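Student: One structure follows; several queries about it will come next.
The values are calculated or read from the model by the stated rules, or taken from the named source; none is laboratory data. What you see is a predicted model, and the numbers here were worked out from it, not measured in a lab. Reconstructed Cβ throughout: ideal geometry from the backbone, glycine too, with neighbour counts over all protein chains shown. Protein only, heavy atoms only, side chains kept; ligands, DNA and RNA dropped before computing areas. Shrake-Rupley method; radii C 1.70, N 1.55, O 1.52, S 1.80 Å.
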Amino acid sequence: MNALRDRYAIVGIGETEFSRNSGRTTRALGVEAIRNAMRDAGLTPADVDGMLSYHGNDSTDSPTIAGDLGIRLNFYMDCSGGGSSTEALIGLAIGAIEAGMCRTVAVFRAMNGYTQARIGGTGRQAPVYTGGSIPQAIYGMTSAAQSFAPAFMRHMYEHGTTSEQVAHVKVAHSKHASNNPKAFYKERVTVDDVLSSRWITKPLHLLDCCVETDNGTAVIVTSIERARDLKQHPIHIMGVAGRTTKRKGNYHWSYAPISLHAGQYGGPIVFANAGVGPEDIDITGSYDAFTFTTLFQLEAYGFCKVGEGGEYVSSGIIELGGARPNNPSGGHLCEVYSHGMNMVIENVRQLRGLVDDYCPSWQQGEHTYDYSERGCRQVRDPEITMNLGWASPATGSALILRK
Amino acid sequence: MAEYLGVRVHVPENDPTMLAYLQHAGTHRLTLQRCRDCGLLQYPPGTACEHCTCLDFDWAPVSGKGTIYSYEIVTHPIHPAYRDRVPYPIVLVELDEQRAVPAPDYALRVIATLVDAEGRPEHEERVAIGARVEVAFADLGDGLALPLFRLSDEPPEHALWRYPG
Ligand SMILES: [Zn+2]
């Protein structure tokens, strides 16, 4: 029994508009996201005394954000990282509070992921290859798609996985996004749309890749005692794992199978901490930087057998109305690319029963459960959700939440 | 000045290991770090032996032969150096030496581009998992070279597998 299970909660969530032209600094994006999360929680600046963020030298630091909002900090840390940071930092927030350093922590990510710092690179890199470039970059392997593709190709070879199977991830998430007013891509797509979109790097098509966007996102973590007095029903943090790596996480190619994600190590940790197993999870929130990354995570965390992810993601299980919907918001593929935050925020909304879909009375928690286009995206009475973070095939994090 | 595809290659003096790797490649022998304690090879070059943490290495030439373990065909270039090179294959080559040693799941695997006899990107239809390859070199200047791979005349290690379609 993990002594911290259910002792902490997510009490506030906030985000900015998701766009490809924010016209604002990451400072302004972070400030608005945290302000929205504080208002959501019913907290004032005086109530928040901790801050955590993550960045790739592309954001604004906590003291600046806090200063703008009139927040005086007892603890902050701005960590280097992208994907798989969200879950890990929620764990660190618990640690900071448990250590007595602070009481309530806002975790944020603020990024102009389209107009300033595109994760795949903009072609504006300094024109020099250094020692660190030799193992991969000098060979034209610089973007995330280029760096991950051989792992997926090997999965296809070893397990017979097909492009058509993983295209179903984009199809499912596009259906979900069509019921999400704030999603960047709200149009539903078909398997053929994915397969006929242009190649980025074979085996990945354009529509296998997520939607680079400008955005700010935030969640607020505090103790369950503090949470009980606040505006929203607290969403309990059952367990966290992060950031687990495979052996030689900097060059995982040395160890087989290269097509098995680091969640193979994080799964046992997060499930033991939470006291549940994959069969208890009602909604998964995968890090769908690409279609196939969802498949990798579902296999590694044990939602299906290794090698059977292609069948799992194309079976309808992951769609709204299916047995275990994945990314009901549309995820990174369709809602917004926020380096993991939006899938955690969505799971909080789902557990509250307050998903902001097209149902007329969603703010009262009244949903139609009609998942047709421009309809509902609330899963019926979810009890437990899980987020499956990803930074690469070699690094992952996980987070299990309950109502 | 060393350069590759029109881009300067600058390995600073405080990174003598990576510099030595490229210098050995400059003699057109693929040469890897070999631990002076446990005797095992490793790739890519590092600052300690990944098998035993020893800090001292020799350099050991290897055959440069291997098998394509996985690959991709890049069609959307990112780095400016590759704008005129698409489509180009990136291959993950499993070298013949030290396979499944010291553990069944370990191998010396090298990410590189696959080139033809003229050093241009190899044609997609010739790239396959299971195909045998041998090392080739791109001279960078200043006595340095970058290891690449090209298809060899040897029969495939197992039935060839290509991305369908
Ligand atoms: Zn050694």
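Student: Through the Karplus equation 6.51 cos²θ - 1.76 cosθ + 1.60, θ set to phi - 60°, convert the phi angles of segment A:223-232 into ³J(HN,Hα) values in whole Hz; use x for Gly and Pro.
Tutor: Taking θ as phi minus 60°, the curve returns 5, 5, 5, 5, 5, 5, 8, 8, 5, 9 Hz for segment A:223-232.
Student: Report the local net charge at residue A:323: Lys and Arg +1, Asp and Glu -1, summed over other residues whose C-beta lies under 11 Å from its C-beta. Please list the in-between numbers first.
Tutor: Working: positive: A:324; negative: A:279, A:282, A:319.
Net charge around residue A:323: -2.
Student: Report the gain in length on full extension from residue B:54 to residue B:85: 0.36 nm times residue separation, minus Cα-Cα distance, nm rounded to one decimal.
Tutor: Values: separation 31, 0.36 × 31 = 11.16 nm, distance 3.98 nm.
That works out to 7.2 nm of additional length.
Student: How far, in nm, would the chain grow between residue A:206 and residue A:381 when pulled straight, counting 0.36 nm per residue and subtracting the alpha carbon separation? Intermediate results must be reported in sequence, preceding the final value.
Tutor: Working: separation 175, 0.36 × 175 = 63.00 nm, distance 3.48 nm.
Computed gain between residue A:206 and residue A:381 is 59.5 nm.
Student: Moving to a separate point now. Determine ³J(HN,Hα), in whole Hz, for all residues of segment A:325-340 in sequence, where each value follows from phi through the Karplus function 6.51 cos²θ - 1.76 cosθ + 1.60 and θ = phi - 60°; x replaces Gly and Pro.
Tutor: 3J(HN,Hα) across segment A:325-340, in whole Hz: x, 10, 6, x, 7, x, x, 5, 5, 10, 7, 5, 9, 10, 6, x.
Student: Counting only residues 5 or more places away or on other chains, whose amide H sits under 5 Å from the amide H of residue A:398 once H atoms are built in the peptide plane?
Tutor: Here A:241, A:242, A:389 satisfy the definition.
Student: Something else now. Accessible area per residue for segment B:3-151 in Å², computed with a 1.4 Å probe and the full protein assembly in place, what is it? Before the final figure, lay out each step's value.
Tutor: Values: 6070 Å² over 149 residues.
Heavy-atom accessible area per residue stands at 41 Å².
Student: Could I ask something else about it? Simple spin-label model, 7 Å along Cα-to-Cβ: residue A:116 to residue A:305 in nm?
Tutor: Those two pseudo-labels are separated by 4.8 nm.
Student: Under the classification rounded if a/c is under 1.5, otherwise prolate if a/b is larger than b/c and oblate if not, where does chain A fall, given a ≥ b ≥ c as square roots of the Cα gyration tensor eigenvalues? Display every interim value, and only then the final one.
Tutor: On the way: a/c = 1.40, a/b = 1.21, b/c = 1.16.
It comes out rounded by the Cα gyration axes.
Student: Please report, ordered by residue number, every helix of chain A (full DSSP H runs) that is 18 Å or longer along its axis going by C-alpha atoms and whose mean Kyte-Doolittle hydropathy reaches 0.0.
Tutor: On the way: long enough: A:26-41 (22 Å, -0.22); A:85-98 (19 Å, 1.23); A:144-159 (23 Å, -0.31); A:163-177 (21 Å, -0.53).
Length and hydropathy pass: A:85-98.
Student: Classify segment A:75-187 as rounded, prolate or oblate from the Cα gyration tensor: take a ≥ b ≥ c as the square roots of its eigenvalues, call it rounded if a/c is under 1.5, otherwise prolate when a/b beats b/c and oblate if not. Intermediate values should be presented prior to the final figure.
Tutor: Working: a/c = 1.77, a/b = 1.23, b/c = 1.44.
Oblate, because a/c is 1.5 or more while a/b does not exceed b/c.
Student: Would you mind checking which residues have amide H under 5 Å from residue A:285's amide H? H placed 1.01 Å from N; only 5 or more apart, or other chain.
Tutor: Residues meeting the criterion, in which the H sits 1.01 Å from N, are A:327, A:386, A:387, A:388.
Student: Taking amide H positions as placed in the peptide plane 1.01 Å from N, state which residues far from residue A:84 in sequence (5 or more) or on other chains have amide H under 5 Å from it.
Tutor: It is A:390, by chain and number.
Student: Another question, then. Could you work out, residue by residue across A:37-49, how many beta carbons of other chains sit within 10 Å of that residue's beta carbon, and then give the average as an integer? Don't skip to the end; give the middle numbers.
Tutor: On the way: counts 0, 0, 0, 0, 0, 0, 0, 0, 0, 0, 0, 0, 0.
The per-residue average across the peptide is 0.
Student: Tell me, for the protein assembly as shown, which Cys residues have no other cysteine's C-beta sitting closer than 4.7 Å.
Tutor: Singleton cysteines: A:79, A:102, A:209, A:210, A:304, A:334, A:359, A:376.
Student: Students often check this: by mean Cβ neighbours within 10 Å, which of A:383-392, A:143-152 ranks highest, and how do the rest follow? Present the calculation step by step, with values, prior to reporting the outcome.
Tutor: Numbers: A:383-392: 25.8, A:143-152: 23.9.
Sorting A:383-392, A:143-152 by mean packing, highest first, produces A:383-392, A:143-152.
Student: I've got another one for you. Just want the answer: with Cβ charges of +1 for Lys and Arg and -1 for Asp and Glu, which residue in B:40, B:80, A:83 is farthest toward the dipole's positive end in the protein assembly as shown?
Tutor: A:83
Student: Assuming a ≥ b ≥ c are the square roots of the Cα gyration tensor eigenvalues, decide whether chain B counts as rounded (a/c under 1.5), prolate (otherwise, with a/b larger than b/c) or oblate.
Tutor: On the way: a/c = 2.01, a/b = 1.18, b/c = 1.69.
Taking the square roots of the gyration eigenvalues as a ≥ b ≥ c, chain B is oblate.
Student: If you take every residue apart from residue A:210 with its C-beta less than 10 Å away from the C-beta of residue A:210, what net charge results, scoring Lys and Arg +1 and Asp and Glu -1? Don't skip to the end; give the middle numbers.
Tutor: Details: positive: A:170; negative: A:208, A:212, A:288, A:335.
Net of charged neighbours comes to -3.
Student: While we're on this one: How many partner chain Cβ atoms sit within 10 Å of a residue's Cβ in peptide B:79-90, on average, as a whole number? Provide the component values of the computation, followed by the final result.
Tutor: On the way: counts 14, 5, 8, 6, 1, 0, 1, 3, 3, 3, 3, 9.
Neighbouring Cβ atoms belonging to other protein chains average 5 per residue here.
Student: Report the full-extension gain for the segment residue A:250 to residue A:68: residue separation times 0.36 nm, less the Cα-Cα distance, to one decimal in nm.
Tutor: Length gained between residue A:250 and residue A:68: 61.8 nm.
Student: Largest first, what is the accessible-area ranking of A:205, B:24 with a 1.4 Å probe?
Tutor: Details: A:205 5, B:24 60 Å².
I get B:24, A:205, largest accessible area first.
Student: If you don't mind, there's one more thing I want to ask. What pairs in A:170/B:65; A:202/A:246; A:182/A:231; A:186/A:248; A:248/A:403 have C-alpha atoms more than 32 Å from each other?
Tutor: Working: A:170/B:65 39 Å; A:202/A:246 25 Å; A:182/A:231 23 Å; A:186/A:248 39 Å; A:248/A:403 37 Å.
Beyond 32 Å between Cα atoms: A:170/B:65; A:186/A:248; A:248/A:403.
Student: Using per-residue counts of other Cβ atoms within 10 Å, averaged over each peptide, order B:31-41, A:175-185 from highest down. Mind showing how you got there, number by number?
Tutor: Working: B:31-41: 18.0, A:175-185: 22.7.
Final packing ranking: A:175-185, B:31-41.
Student: Now for a separate question. State the Cα centre-to-centre distance between segment B:66-91 and segment A:299-333 in whole Å.
Tutor: What the calculation gives is 30 Å, centre to centre.
Student: Per-residue counts of other Cβ atoms within 10 Å, averaged by peptide: what ranking do you get for B:78-91, B:47-60, A:238-251, highest first?
Tutor: Numbers: B:78-91: 19.4, B:47-60: 14.4, A:238-251: 21.4.
Ranking, from highest mean packing down: A:238-251, B:78-91, B:47-60.
Student: Report the net charge of residues surrounding residue B:126, where surrounding means a beta-carbon distance below 15 angstrom and charges are Lys +1, Arg +1, Asp -1, Glu -1.
Tutor: Here the charged neighbours net out to -4.
Student: Within 10 Å of each Cβ in B:35-48, how many Cβ atoms from other chains are there, averaged over the peptide? Working shown, then result.
Tutor: Numbers: counts 0, 0, 0, 0, 0, 0, 0, 3, 4, 9, 3, 4, 0, 0.
Mean partner shielding for this stretch: 2.
Student: Under the Karplus relation 6.51 cos²θ - 1.76 cosθ + 1.60, θ = phi - 60°, what is the ordered set of whole-Hz ³J(HN,Hα) values for segment B:76-85, x standing for Gly and Pro?
Tutor: 10, x, 10, 5, x, 4, 9, 4, 9, 9
Student: Find how many whole Å separate the alpha carbon centroid of segment A:125-183 from the alpha carbon centroid of segment A:1-74.
Tutor: Result: 29 Å between the Cα centres.
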